[in-house]
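A.B. asks: Take a look at the following structure, please.
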Amino acid sequence: MCGIVGFSGHHQAAPILLEGLSKLEYRGYDSAGLAVRDKDRMAEVVKSNGRLKVLAEMTDNGNALKGTTGIGHTRWATHGAPSKINAHPHVSGNCTNSGSGTVESEVVGVHNGIIENYQELKEKLIKKSYQFYSQTDTEVAVKLVDYYYKKYGIGPIDAIAKAMVRIRGSYALELMFQEYPDEIWVARKESPMIIGIANGESFIASDVPAILKHTRDVYYIDNLEFACVKPGEVHFYNLNGDEVKKETVRITWDAEAAEKGGFEHFMMKEIHEQPKAVKETLASVLKNGKIDLSSVGLSEEEIKKFSGITIVACGSAWHVGMVAQYVFEDLAGIPVRVELASEYRYRKPIFYENELVIVISQSGETADSLAALRLANENNVETLAIVNVVGSSIAREAKKVFYTLAGPEISVATTKAYSAQLICCYALATEFARIRQKIDAKYYKYLIEELESIPEKIDIIIKDKERIQWFASKQTNARDVFYIGRGIDYAIGLEGSLKLKEISYIHCEAYAAGELKHGTISLIEEGTLVIGILTQRSLYEKTLSNMLEVKSRGAYLASVTTYGNYNIEDTTNFNVYIPNIDEHFSASLAVIPLQLMGYYISLGKGLDVDKPRNLAKSVTVE
Ligand code: F6R
């Protein structure tokens, strides 16, 4: 989704803004822009369609734009097509020349989010003689602030508060007023935004990596708050215009973790970081060979009392939920339903006594997951978030938090956050099983040892990546690919198929192997690649027969299965063997070859692995 940066200090702003935006490229965008000014000069706006490097070229890497205060934006189109005129910043005055140039306007601004009532506000402003040059909702917000600013004439505090009351939807807004030279005003509802101070200078960003190089101590601006950011100084206000005091939060990620570290792509780097992410996440709840959920805030009494679990999430995090359903039900004997957050939030779910709602999210900002969490909170059930980003909205609003310690995930296609989320679910399920007396001490000890063995086993699979690369290089022309499996293997297929389609643009579906005969098998043609996932002993023969059924209709077969199942070679053309592990935890290993498949096919097709088309890292609009 869109990225926001801002700077007010003593250095030239534009190079700092461009560098910050480059750290947010992973979020996905289609155009970019900057507005920079000095005390005695009006803001100059430069915008470009396409990649950030175009903007960098237009501005001589920022050196051609003079000024020590500025705002920057990468846009992921929602209202209005990707184009120079729709790119941010937008200005309150009239403008020609695709919106670039020195600005005569009072207000210039950028925005993340969606303003739901922008049409109604636009009509009101048109009646007040405002003219619009873009199709964006952002231009409406900027002009609305300008309207109140001029109407009441008592400064930005009043103008912004009035606009915030009037606007419906979500926003992280960054505004500069011509009459307030070194100030940037920011406002927030739903869309994330942080502010960091270092050495008498101030940095604003929608996401941590953009300012990590400058500071790790950041302020989180809350919903329906706004702030005035000056060099080395920030003042927060609530909607009444009263000043609000805040403490900084320390970000423990180091800046290096957000760099590629010698890998060609972030995705490959993050695939390699999975053993560490899993190990550290597990270590955070493992004390003397036992799982200790006190840091999550879960007591034994509560765990005994839960009558069921609802897991809510989007995309890959939902796939984690699909795996977790099998694990919780089988190990801990507790009923689990798994819900897509975008559906759950609108379908009036029935809440029940002693229900635990678990929301899983890497970013902690996914709009639908956040709305689902709020719905659960409003209905007074217990809520637990499994989140990667400290201080994110979901982390702050959930009653209990289990942090994944995956570090910053930059590649749009998730890998290490998915693996860390799985570990959280396994640790919860294992501890629930012990406390609810579904397993004995011996089995508990064995499960913990199995959990501890995961990082090393992931490493073994990654070391064999060249074989997968060889196979993947032959699949770049595939039109349709199918992953099939049963039980946990089906849930693993869901993630594998998303990895493939999102970065290689090959149509790929995951099917519960037993479902093929109910329709999908008609899609199998001569040479269609079908990959069976077979990690569950009791389901091995069943899935194998489904593989034979598609083979007899022309499918080209591959498999991911465990060491020892070598008889599969009688049926298939290519196999990846993964180390043996307790079957409840097999997703952590079987997903690795599928991530590598997606990566290498995308690479083979010459695609932008880390920034697939149309996608955004953090989906902060619904
Ligand atoms: C796919 C992917 C997405 C996310 C989904 C939820 O590789 O990364 O499907 O899993 O957008 O995002 P978070 O976890 O940030 O809520």
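A.B. asks: Would the stretch 332-342 turn up any residue that is closer than 19 Å to residue 590 by Cβ, part of a helix (DSSP H, G or I), within 16 Å of the ligand (Cβ to nearest atom) and among the polar types (S, T, N, Q)?
C.D. replies: Of the stretch 332-342, the ones closer than 19 Å to residue 590 by Cβ are 338.
Of the ones still in play, those that are also part of a helix (DSSP H, G or I) are none.
No, because not a single residue in the stretch 332-342 is closer than 19 Å to residue 590 by Cβ, part of a helix (DSSP H, G or I), within 16 Å of the ligand (Cβ to nearest atom) and among the polar types (S, T, N, Q).
A.B. asks: Just to verify a result, which residue in the stretch 604-622, among those that are part of a loop (DSSP other than H, G, I, E, B) and of a type in the set (Gly, Ala, Ser), is farthest from the ligand (Cβ to nearest atom)?
C.D. replies: Step one: list which residues in the stretch 604-622 are part of a loop (DSSP other than H, G, I, E, B), which gives 605-622.
If we keep only those that are of a type in the set (Gly, Ala, Ser) too, we end up with 606, 616, 618.
Working: 606: 20, 616: 8, 618: 6 Å.
Selected residue: 606.
A.B. asks: Sticking with this structure for a sec: What about residue 18, is it part of a helix (DSSP H, G or I), at pLDDT 95 or above and not β-branched (Val, Ile, Thr)? Full working, then the answer.
C.D. replies: Working: part of a helix (DSSP H, G or I): yes; at pLDDT 95 or above: yes; not β-branched (Val, Ile, Thr): yes.
Yes; evaluated as a whole, the condition is true for this residue.
A.B. asks: What's the number of the only condition in (1) part of a helix (DSSP H, G or I); (2) within 16 Å of the ligand (Cβ to nearest atom); (3) over 17 Å from the mean Cα position of the chain (by Cα); (4) of a type outside the set (Gly, Ala, Ser) that residue 383 fails to meet?
C.D. replies: It is condition (1) that residue 383 fails.
A.B. asks: While we're looking at this one, here's another question. May I ask you to list pairs of residues, at least six apart or on different chains, whose Cβ atoms are under 8 Å apart, with the first in the stretch 608-622 being under 8 Å from residue 1 (Cα atoms) and outside the structural domain of residue 342 (by TED's automatic domain parsing) and the second being among the charged types (D, E, K, R) and in a loop (DSSP other than H, G, I, E, B)?
C.D. replies: Close Cβ pairs satisfying both conditions: 617/409; 618/207; 618/365; 620/190; 620/365.
A.B. asks: Also, quick follow-up: If you scan the stretch 224-276, which residues turn out to be of a type in the set (S, T, N, Q) and at pLDDT 90 or above?
C.D. replies: Restricting attention to the stretch 224-276, the residues satisfying the condition of being of a type in the set (S, T, N, Q) are 238, 240, 248, 252, 274.
238, 240, 248, 274 - these are the residues of the stretch 224-276 that are of a type in the set (S, T, N, Q) and at pLDDT 90 or above.
A.B. asks: Sort out which residues of the stretch 365-380 are within 15 Å of the ligand (Cβ to nearest atom) and part of a loop (DSSP other than H, G, I, E, B), and write them in order of number. Quick ask: steps written out before the conclusion?
C.D. replies: Step one: list which residues in the stretch 365-380 are within 15 Å of the ligand (Cβ to nearest atom), which gives 365-374.
Passing the criteria: 365, 366.
A.B. asks: Something else about it: Which condition number in (1) at pLDDT 95 or above; (2) more than 9 Å from the ligand (Cβ to nearest atom) is the one that residue 318 fails?
C.D. replies: (2)
A.B. asks: May I ask you to list the residues in the stretch 343-364 that are surrounded by fewer than 21 Cβ atoms within 10 Å (Cβ to Cβ) and either within 16 Å of the ligand (Cβ to nearest atom) or aromatic (Phe, Trp, Tyr) (or both)?
C.D. replies: Those that are surrounded by fewer than 21 Cβ atoms within 10 Å (Cβ to Cβ) and either within 16 Å of the ligand (Cβ to nearest atom) or aromatic (Phe, Trp, Tyr) (or both): 343, 346, 351, 352.
A.B. asks: Still on this model: So residue 588 passes all but one of these: (1) part of a helix (DSSP H, G or I); (2) in contact with a Lys or Arg (Cβ under 6 Å, 6 or more places away or on another chain). Which condition number does it fail?
C.D. replies: If we test residue 588 against (1) part of a helix (DSSP H, G or I); (2) in contact with a Lys or Arg (Cβ under 6 Å, 6 or more places away or on another chain), just (2) comes out false.
A.B. asks: Looking only at the stretch 208-236, which residues are part of a strand (DSSP E or B) and farther than 17 Å from residue 173 by Cα?
C.D. replies: Step one: filter the stretch 208-236 for residues part of a strand (DSSP E or B), giving 217-220, 225-230, 233-236.
Scanning the stretch 208-236 gives 217, 218, 233.
A.B. asks: Could you grab the pairs with beta carbons closer than 6 Å, sequence gap of 6+ or different chains, first residue in the stretch 508-519 and on the phi < 0 side of the Ramachandran plot, second one assigned to a loop (DSSP other than H, G, I, E, B)?
C.D. replies: 513/486
A.B. asks: Inside the stretch 299-339, can you point out the residues that are in contact with a Leu (Cβ under 8 Å, 6 or more places away or on another chain) and either assigned by TED's automatic domain parsing to the domain that holds residue 493 or of a type in the set (Val, Ile, Thr) (or both)?
C.D. replies: Listed by number, the residues that qualify are 303, 309, 310, 312, 320, 323.
A.B. asks: Kindly indicate whether residue 586 is in the same structural domain as residue 530 (by TED's automatic domain parsing), buried (at least 19 other Cβ atoms within 10 Å of the Cβ) and within 16 Å of the ligand (Cβ to nearest atom).
C.D. replies: Working: in the same structural domain as residue 530 (by TED's automatic domain parsing): yes; buried (at least 19 other Cβ atoms within 10 Å of the Cβ): yes; within 16 Å of the ligand (Cβ to nearest atom): no.
The answer is no for residue 586.
A.B. asks: For the stretch 300-309, state whether one or more residues are outside any loop (DSSP other than H, G, I, E, B), surrounded by fewer than 22 Cβ atoms within 10 Å (Cβ to Cβ) and either within 16 Å of the ligand (Cβ to nearest atom) or under 20 Å from the mean Cα position of the chain (by Cα) (or both). Spell out how you get there, then give the answer.
C.D. replies: Our first condition is that a residue be outside any loop (DSSP other than H, G, I, E, B); within the stretch 300-309, this holds for 300-305, 308-309.
This time we only want the ones that are surrounded by fewer than 22 Cβ atoms within 10 Å (Cβ to Cβ), so: 300-305, 308.
Then drop every residue that is not either within 16 Å of the ligand (Cβ to nearest atom) or under 20 Å from the mean Cα position of the chain (by Cα) (or both), which leaves none.
Within the stretch 300-309, not a single residue is outside any loop (DSSP other than H, G, I, E, B), surrounded by fewer than 22 Cβ atoms within 10 Å (Cβ to Cβ) and either within 16 Å of the ligand (Cβ to nearest atom) or under 20 Å from the mean Cα position of the chain (by Cα) (or both).
A.B. asks: Follow-up question, since we're still on this one. Take the residues of the stretch 535-585 that are of a type in the set (Gly, Ala, Ser) and assigned to a strand (DSSP E or B): which is farthest from residue 471 (Cα to Cα)? Don't jump to the end; show me each part of the working.
C.D. replies: Keep residues of the stretch 535-585 that are of a type in the set (Gly, Ala, Ser), which gives 538, 545, 552, 554-555, 558-559, 564.
With assigned to a strand (DSSP E or B) added as a condition, the list becomes 558-559.
On the way: 558: 10, 559: 12 Å.
That would be 559.
A.B. asks: Right, next: Can you tell me which residue in the stretch 513-534 is farthest from residue 596 (Cα to Cα), limited to those that are assigned to a helix (DSSP H, G or I) and touching a strand residue (DSSP E or B) at 6+ places or on another chain (Cβ under 6 Å)? Don't jump to the end; show me each part of the working.
C.D. replies: Here is the first cut: in the stretch 513-534, the ones assigned to a helix (DSSP H, G or I) are 513-518, 520-523.
Then drop every residue that is not touching a strand residue (DSSP E or B) at 6+ places or on another chain (Cβ under 6 Å), which leaves 513, 520.
Details: 513: 22, 520: 26 Å.
My answer is 520.
A.B. asks: I need the full set of residues from the stretch 427-451 which are part of a helix (DSSP H, G or I) and either in contact with a Leu (Cβ under 7 Å, 6 or more places away or on another chain) or modelled with pLDDT under 95 (or both), in order please.
C.D. replies: The initial filter retains those residues of the stretch 427-451 that are part of a helix (DSSP H, G or I), namely 427-435, 441-451.
Residues satisfying the conditions are 427, 429, 430, 431, 433, 451.
A.B. asks: Got a number for residues in the stretch 9-58 being touching a Phe, Trp or Tyr at 6+ places or on another chain (Cβ under 9 Å) and among the basic types (Lys, Arg)?
C.D. replies: 2
A.B. asks: Can you tell me which residue is nearest to the chain's Cα centre (by Cα) among those in the stretch 394-414 that are within 17 Å of residue 278 (Cα to Cα), more than 13 Å from the ligand (Cβ to nearest atom) and in a loop (DSSP other than H, G, I, E, B)?
C.D. replies: Top of the filtered list is 407.
A.B. asks: Here's another thing I want to ask about it. List pairs: first in the stretch 46-57 and at pLDDT 90 or above and of a type in the set (Val, Ile, Thr), second in a loop (DSSP other than H, G, I, E, B) and surrounded by fewer than 19 Cβ atoms within 10 Å (Cβ to Cβ), Cβ under 9 Å, 6+ apart or cross-chain?
C.D. replies: Final answer for the pair search is 46/64.
A.B. asks: List, please: which pairs have Cβ atoms under 9 Å, are six or more places apart or on different chains, and start with a residue in the stretch 404-415 that is on the phi > 0 side of the Ramachandran plot and end with one that is assigned to a loop (DSSP other than H, G, I, E, B) and near the ligand (Cβ under 10 Å from one of its atoms)?
C.D. replies: What qualifies is 407/388.
A.B. asks: I would also like to ask the following. Identify the single condition in (1) within 16 Å of the ligand (Cβ to nearest atom); (2) not in a helix (DSSP H, G or I) that residue 477 does not satisfy, given that it satisfies every other one.
C.D. replies: Checking residue 477 against (1) within 16 Å of the ligand (Cβ to nearest atom); (2) not in a helix (DSSP H, G or I), the one that fails is (1).
The values are calculated or read from the model by the stated rules, or taken from the named source; none is laboratory data. Just so you know, these numbers come straight off a predicted model, no measurement behind them. When we count neighbours, we look across all protein chains shown, and the Cβ atoms used for this are built from the backbone with ideal geometry, even at glycine.
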